[in-house]
Amino acid sequence: MRDRLSMRYVDCQRGPAAISLNLDTGSRISLARSAMGRAYVAVCPERERASLYEDLKALDPVAWPALRAGLDRAVAEHRELGCCTSFGEWQETVCAIAVGFHPGGGLPAMSVNCGAPTIITDARFLMDVVRPKLVAAVRGLDGVMGA
């Protein structure tokens with residue numbers, strides 16, 4: 001979920017691989033460069049997106065044009081592919097995809113991601129094998145959470 005200009009993990013699940021990302025519940029990652037953050041931006045309300053863009057621009061005006069291009073691409077990706085990507089953009093050796101959703105019950109938009117070090121996975125596997133499963137799983141969460 002969003003935590004100011006970052007994303008914070010509220011849950012984390014790992015597969016059986018001996019090598020994994022060192023992220024756990026409570027970890028914070030980049031909103032603008034991570035797949036998880038980009039998926040959040042892709043589904044958040046337009047007014048919130050505009051406010052986030054202003055805050056990100058103010059935080060680092062020099063980096064803003066590249067960040068804006070990545071976020072705009074993410075919004076299009078989410079619409080066209082059902083997910084957002086970050087292949088080496090958050091961390092050079094990490095590939096990830098994420099799907100944003102609206103949990104319902106008055107809760108803010110959230111996103112679910114799947115990623116791994118490039119040494120054990122690549123973009124093709126995430127897009128061809130993981131993406132359909134992740135999209136289906138997250139679509140099952142739309143509007144069913146909260147009070």
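The values are calculated or read from the model by the stated rules, or taken from the named source; none is laboratory data. Nothing here was measured: the structure is a model prediction, and the numbers come from that model. With ideal geometry, Cβ positions are generated from the backbone for all residues, glycine too; neighbour counts draw on all protein chains shown. The protein model used for the area step is the full one, side chains on, heavy atoms only, and it has no ligands, DNA or RNA in it. Shrake-Rupley method; radii C 1.70, N 1.55, O 1.52, S 1.80 Å.
Residue 95 fulfils the conditions (1) part of a strand (DSSP E or B); (2) surrounded by fewer than 16 Cβ atoms within 10 Å (Cβ to Cβ) except for a single criterion, (2). Among the residues of the stretch 122-147, the one identified as within 29 Å of residue 106 (Cβ to Cβ), free of Cβ contacts under 8 Å to residues at least 24 places away in the same chain and either touching a Ser or Thr at 6+ places or on another chain (Cβ under 9 Å) or open to solvent by 70 Å² or more (accessible area, probe 1.4 Å) (or both) is 133.
Do we have any residue at all in the stretch 54-73 that's within 17 Å of residue 134 (Cβ to Cβ) and either open to solvent by 30 Å² or more (accessible area, probe 1.4 Å) or not in a loop (DSSP other than H, G, I, E, B) (or both)? No - not one qualifying residue is present in the stretch 54-73.
Per-residue answers, yes or no, for (1) open to solvent by 80 Å² or more (accessible area, probe 1.4 Å); (2) under 15 Å from the mean Cα position of the chain (by Cα):
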{"site": "13", "(1), (2)": "yes, no"}
{"site": "46", "(1), (2)": "yes, no"}
{"site": "88", "(1), (2)": "no, yes"}
{"site": "107", "(1), (2)": "no, no"}
